[in-house]
Amino acid sequence: MQVKEIEGKGRGVVAARSFYRGEFIVEYAGDLIEILIARERESKYNLSSAFGCYMYYFKHNNKNYCIDATAETGRLGRLVNHSRMKPNCKTKVVMVKNVPRLILVATKTIKEGDEILYDYGDRSKESILAHPWLAL
Ligand SMILES: C[S@@+](CC[C@H](N)C(=O)[O-])C[C@H]1O[C@@H](n2cnc3c(N)ncnc32)[C@H](O)[C@@H]1O
């Protein structure tokens, strides 16, 4: 996979080869944290424009988690952009040694050169007002 500048989105991830439907693409790697810690970190990040938004909230086995991928680690999952209308992959939770990890899996055939996109899933009015691209 390649990191590219995508007009209007900052960096994005582009397929350097094709992927078949159901194939593992990349891990959304970061710190796995509980929601209270996530809220604390988020309010700190919101105070500074230096931080983008790299928090992914999810529920697994009735427990809420967040993966904070804010740190510039060089991992590619954190650079995958959003599409509600035309996603080509989705997140999936996999348990590794009893710890939930988040991966992206292709939902259709992805051709070489296609941008990797998944639906961030945020439908709240406030978020869409602040970030109109969430509706696209
Ligand atoms: C998880 S990061 C994705 C990588 C990011 N583009 C970067 O350069 O680091 C999420 C951020 O990317 C941008 N982004 C993601 N999807 C977008 C879209 N469809 N249109 C515009 N900006 C988008 C927003 O700034 C968002 O807060």
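The values are calculated or read from the model by the stated rules, or taken from the named source; none is laboratory data. The structure presented is a predicted model; accordingly, all values stated were derived computationally and were not measured. Positions of Cβ are generated from backbone atoms using ideal geometry, with glycine treated the same way; all protein chains shown enter the neighbour counts.
Residues of segment 59-81 being buried (at least 17 other Cβ atoms within 10 Å of the Cβ) and of a type outside the set (S, T, N, Q), which ones? Across segment 59-81, the qualifying residues are Tyr65, Cys66, Ile67, Asp68, Ala69, Leu76, Gly77, Arg78, Leu79, Val80.
Filtering Arg101, Arg84, Arg11 for residues that are at pLDDT 95 or above, among the basic types (Lys, Arg) and more than 16 Å from the ligand (Cβ to nearest atom) leaves a single hit, Arg101. Taken over segment 47-60, the criterion of being more than 25 Å from Val3 (Cα to Cα) and not in a strand (DSSP E or B) is satisfied by Leu47 alone. Could you grab me the full set of residues in segment 1-15 that are surrounded by fewer than 12 Cβ atoms within 10 Å (Cβ to Cβ) and either part of a loop (DSSP other than H, G, I, E, B) or touching a helix residue (DSSP H, G or I) at 6+ places or on another chain (Cβ under 8 Å) (or both)? If the condition is that a residue be surrounded by fewer than 12 Cβ atoms within 10 Å (Cβ to Cβ) and either part of a loop (DSSP other than H, G, I, E, B) or touching a helix residue (DSSP H, G or I) at 6+ places or on another chain (Cβ under 8 Å) (or both), then Glu7, Gly8 are the ones that fit. One residue stands out in segment 82-121 among those that are out of contact with any Lys or Arg (no Cβ under 9 Å at 6 or more places or on another chain) and closer than 19 Å to Lys59 by Cβ: the one that is surrounded by the most Cβ atoms within 10 Å (Cβ to Cβ), namely Thr91. For segment 7-39, the tally of residues that are farther than 12 Å from Met55 by Cα, of a type outside the set (Gly, Ala, Ser) and in contact (Cβ under 8 Å) with a residue 60 or more places away in the chain stands at 13.
For beta carbons closer than 9 Å, sequence separation of 6+ or different chains, a first residue in segment 77-95 that is under 14 Å from Gly52 (Cα atoms) and a second that is among the charged types (D, E, K, R) and within 8 Å of the ligand (Cβ to nearest atom), the qualifying pairs are Leu79/Arg11; Asn81/Lys9; Asn81/Arg11; His82/Lys9. For segment 26-54, a tally of residues being farther than 22 Å from Asn81 by Cβ and in contact with a Gly (Cβ under 7 Å, 6 or more places away or on another chain) returns 0. Answer yes or no: is there a residue in segment 16-32 that is exposed (fewer than 15 other Cβ atoms within 10 Å of the Cβ) and within 12 Å of the ligand (Cβ to nearest atom). No: segment 16-32 contains no residue that is exposed (fewer than 15 other Cβ atoms within 10 Å of the Cβ) and within 12 Å of the ligand (Cβ to nearest atom). Here Phe51 clears all of (1) more than 10 Å from the ligand (Cβ to nearest atom); (2) surrounded by 11 or more Cβ atoms within 10 Å (Cβ to Cβ); (3) hydrophobic (A, V, I, L, M, F, W, C) except the condition numbered (1). The residue list Ile103, Ile67 contains one member that is free of Cβ contacts under 8 Å to residues at least 60 places away in the same chain, farther than 15 Å from Ala15 by Cα and in contact with a Gly (Cβ under 9 Å, 6 or more places away or on another chain), which is Ile67. Of all residues in segment 52-63, those that are farther than 17 Å from Ile103 by Cα have Cβ atoms under 8 Å from Cβ atoms of residues that are within 9 Å of the ligand (Cβ to nearest atom) and not β-branched (Val, Ile, Thr), 6 or more apart or on another chain, in Gly52/Gly10.
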